[in-house]
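Readers should treat all values here as calculations from the given coordinates under stated rules, not as data from a laboratory. Model, not experiment: these values are computed from the prediction. In this analysis, Cβ positions are derived from the backbone assuming ideal geometry, glycine residues included, and neighbour counts consider all displayed protein chains.
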Amino acid sequence: MKIVAFNGSPRGESGNTYLMTEEFLAGAREAGAETEHILLAQKKIGHCLGCLACWLKTPGKCVIADDMADLLKKFVSADIVVFATPVYVDNVTGLMKNFMDRLVPLADPRFAKTPEGECRHIIREGESPDIVVISNCGFPEQSHFQVLKLLFSRIARNMNAQVVAEIYRGGGEMLKGKNILLIPLIMRYKKLLRTAGKEVVEGRKVSAETAAALEKPLVADEMYIKYANEYFEKVLKEIAEKS
Ligand SMILES: Cc1cc2nc3c(=O)[nH]c(=O)nc-3n(C[C@H](O)[C@H](O)[C@H](O)COP(=O)(O)O)c2cc1C
């Protein structure tokens with residue numbers, strides 16, 4: 001089984017999304033999967049021009065000569081793709097959205113009604129890979145992933161694919177915390193991510209037990225907010241003193 005993760009964090013390897021995705025992929029490898037972690041921030045991906053050449057002039061091929069041609073090949077060759085992105089303004093990052101727009105050459109322009117009675121395009125490349133979503137955000141509550149949950153259920157519908165796992169972490173800025181009290185909590189969370197990776201390879205789903213544990217906050221919201229605000233106050237005070 002081949003799993004390809006597309007990571008839309010502008011922070012790349014220093015990001016919290018990277019940390020989460022790496023743990024998930026490590027678990028997947030333990031269960032025998034072949035994995036690849038692609039940082040979109042390191043790729044040249046232009047904006048979709050809306051010219052529709054990929055549908056009506058050169059079906060399946062985009063007119064823009066950049067890294068996307070290679071990424072499309074990797075996308076369709078995967079059994080499972082991971083959309084990994086932080087939450088930016090209640091949505092995926094611009095990098096990720098740009099990448100998603102450029103997946104359009106995979107679809108056939110012709111409309112087809114789903115059994116539910118809503119149109120989508122026909123998918124040209126045979127069966128679509130299953131989808132895993134990994135995200136984190138700065139605010140502590142899990143409710144900040146509402147838009148992503150709906151978005152990826154729509155993406156899966158459009159691609160005639162299945163979302164087999166969604167891993168969302170509020171308070172994601174804690175994941176690289178060095179505080180001695182945080183370290184065991186982070187280690188436990190990383191282990192859960194690896195378990196999720198393993199479970200997805202073994203059964204194409206995350207068990208209810210692992211999913212429930214992954215949803216639990218690392219620390220109480222009040223504590224996270226207190227530390228975040230103390231940090232912001234300190235930095236802002238330092239800047240004010242310097243100016
Ligand atoms: C431009 C921008 C917009 C953001 N918008 C949100 C937001 O709407 N909600 C939220 O909880 N966090 C938001 N964040 C915080 C990020 O989700 C958070 O810092 C996350 O840990 C970044 O992940 P990364 O390290 O993988 O890039 C935003 C950060 C930036 C830079």
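Things to note:
- Pick from the stretch 127-160, criterion away from the ligand (no atom under 16 Å from the Cβ), in contact (Cβ under 8 Å) with a residue 24 or more places away in the chain and of a type in the set (Gly, Ala, Ser), ranking: surrounded by the fewest Cβ atoms within 10 Å (Cβ to Cβ): ALA156
- Yes/no for PHE145 being among the aromatic types (Phe, Trp, Tyr) and in a loop (DSSP other than H, G, I, E, B): no
- Answer from ALA78, ALA5 - the residue that is within 22 Å of ARG154 (Cα to Cα), within 16 Å of the ligand (Cβ to nearest atom), touching a strand residue (DSSP E or B) at 6+ places or on another chain (Cβ under 6 Å) and in contact (Cβ under 8 Å) with a residue 12 or more places away in the chain: ALA5
- Residues (surrounded by 14 or more Cβ atoms within 10 Å (Cβ to Cβ), part of a loop (DSSP other than H, G, I, E, B) and more than 16 Å from the ligand (Cβ to nearest atom)) located in the stretch 88-126: ARG102, LEU103, ARG124, GLU125
- Residue among THR58, THR85 that is hydroxyl-bearing (Ser, Thr, Tyr) and not in a loop (DSSP other than H, G, I, E, B): THR85
- Residue in the stretch 214-224 that is out of contact with any Phe, Trp or Tyr (no Cβ under 8 Å at 6 or more places or on another chain), assigned to a helix (DSSP H, G or I) and surrounded by 19 or more Cβ atoms within 10 Å (Cβ to Cβ) present: yes
- The single residue among ILE38, ILE45 that is part of a strand (DSSP E or B) and of a type in the set (A, V, I, L, M, F, W, C) turns out to be ILE38.
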